[in-house]
Amino acid sequence: MKVAIGLILTHGFPVPTAFIKGIFDWYGTTISGAGNALLPPERQITGAQLIYSEDFPIDAARNDICRTFLDKTDAEFEYLIFLDADMRHPADVIHRLVQTGLPIVSGRYQMRKAPFKTVAMRKTGDGPRDYDSITEESGIVPIDAAGAGVLAIRRDVLEAMRREFGEEWFFYQVGPNGLRSVSEDMGFFERAKACHFQAVCDLDIVCTHVTAFEVEPSWHRPWKARHDEIVQVQVPA
């Protein structure tokens, strides 16, 4: 199996040092084959290719990468993996994302502001903003949406979406109130679900989200503990 890694490098936006350090970790592990020890022989990675876009806005850049992946790589490239430049990814991230063979797999990272919830969600209503972050902290769990900061998409998912919707894999949704979704990722997951693909989040693939600092999952725990405490107090005796 071969994989393509999609990177968005837009002019005017600096690339954090943490991301550069992460590149040395995960790319070195991928090309050395060290990560293949995690995989059965039939799922080992035999090749990797970088695909990058300098386009803007972000939905256009992601669509450009999806198009290049489908049109410029052969069928041996089973997965397109987005790794965003405002994150740091662990050395084994590529192998961990593809080890199950599932169609859409996200890793775990947190929002960059308090209460630092996980950027993986389940649908709570019909609007483009009607999502709540998941509360699980380990294992592989089904989700309705996530950020694309660490996201593996199997080739057949992108092919099916192209047949059904054209070449707009990522896009901003607009609800009845005129508000658009908070990110282009939500549109991707909505259309993937319409094509009958279930997304999951592997919560044990932990990445940091870079702002002025790197946000990690433990930062959410004080807010979660306080929320649980308040809920317990409000429950009638």
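For the stretch 144-178, what are the residues that are part of a helix (DSSP H, G or I), over 10 Å from PHE188 (Cα atoms) and free of Cβ contacts under 8 Å to residues at least 40 places away in the same chain?
ALA160, ARG163, GLU164, PHE165, listed by residue number.
What number goes with the only condition from (1) in contact with a Pro (Cβ under 6 Å, 6 or more places away or on another chain); (2) on the phi > 0 side of the Ramachandran plot that GLY139 does not pass?
Failed condition: (1).
Yes or no, residue by residue, for (1) at pLDDT below 90; (2) out of contact with any Cys (no Cβ under 7 Å at 6 or more places or on another chain); (3) open to solvent by less than 70 Å² (accessible area, probe 1.4 Å):
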site	(1), (2), (3)
PRO14	yes, yes, no
TRP26	no, yes, yes
ALA37	yes, yes, no
ASP64	no, yes, yes
ARG67	no, yes, no
ILE81	no, yes, yes
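Quick one: in the stretch 103-115, which of the residues that are over 22 Å from LEU158 (Cα atoms) and surrounded by fewer than 22 Cβ atoms within 10 Å (Cβ to Cβ) is modelled with the highest pLDDT?
MET111
On the basis of being of a type outside the set (Phe, Trp, Tyr), closer than 24 Å to GLY166 by Cα, assigned to a loop (DSSP other than H, G, I, E, B) and touching a residue at least 12 places away in the same chain (Cβ under 8 Å), does ASP55 make the cut?
Here the answer is yes, as ASP55 does meet what is asked.
Take the conditions modelled with pLDDT under 90 and over 20 Å from ILE8 (Cβ atoms) and apply them to LYS193. Does it pass?
Values: modelled with pLDDT under 90: no; over 20 Å from ILE8 (Cβ atoms): yes.
Spelling it out, it is not the case that LYS193 is modelled with pLDDT under 90 and over 20 Å from ILE8 (Cβ atoms).
Could you identify the single residue in GLU136, GLU167 that is over 15 Å from the mean Cα position of the chain (by Cα) and closer than 25 Å to CYS66 by Cα?
Among GLU136, GLU167, only GLU167 is over 15 Å from the mean Cα position of the chain (by Cα) and closer than 25 Å to CYS66 by Cα.
State which residue is least open to solvent (accessible area, probe 1.4 Å) when the search covers only the stretch 190-219 and only residues that are of a type in the set (Gly, Ala, Ser), part of a helix (DSSP H, G or I) and touching a helix residue (DSSP H, G or I) at 6+ places or on another chain (Cβ under 8 Å).
The extreme case among them is ALA192.
Which condition number in (1) part of a helix (DSSP H, G or I); (2) aliphatic (A, V, I, L, M); (3) under 24 Å from ASP156 (Cβ atoms); (4) open to solvent by less than 20 Å² (accessible area, probe 1.4 Å) is the one that ALA60 fails?
With (1) part of a helix (DSSP H, G or I); (2) aliphatic (A, V, I, L, M); (3) under 24 Å from ASP156 (Cβ atoms); (4) open to solvent by less than 20 Å² (accessible area, probe 1.4 Å) applied to ALA60, the lone miss is (4).
Could you please give the count of residues in the stretch 95-131 that are within 16 Å of the chain's Cα centre (by Cα) and not hydroxyl-bearing (Ser, Thr, Tyr)?
Residues that pass the stated criteria total 20.
Can you pull out the residues in the stretch 141-189 that are hydrophobic (A, V, I, L, M, F, W, C), open to solvent by 50 Å² or more (accessible area, probe 1.4 Å) and closer than 25 Å to VAL210 by Cβ? Lay out the reasoning, then the answer.
Our first condition is that a residue be hydrophobic (A, V, I, L, M, F, W, C); within the stretch 141-189, this holds for 141, 143, 145-146, 148, 150-153, 157-158, 160-161, 165, 169-171, 174, 179, 182, 186, 188-189.
Restricting the remaining residues to those that are open to solvent by 50 Å² or more (accessible area, probe 1.4 Å) gives 165, 174, 179, 182.
Selection gives VAL182 alone.
The values are calculated or read from the model by the stated rules, or taken from the named source; none is laboratory data. Keep in mind that this is a model prediction, so the values were computed, not measured. When we count neighbours, we look across all protein chains shown, and the Cβ atoms used for this are built from the backbone with ideal geometry, even at glycine. Ligands, DNA and RNA are excluded from the accessible area calculation, which covers all protein heavy atoms including side chains. Shrake-Rupley method; radii C 1.70, N 1.55, O 1.52, S 1.80 Å.
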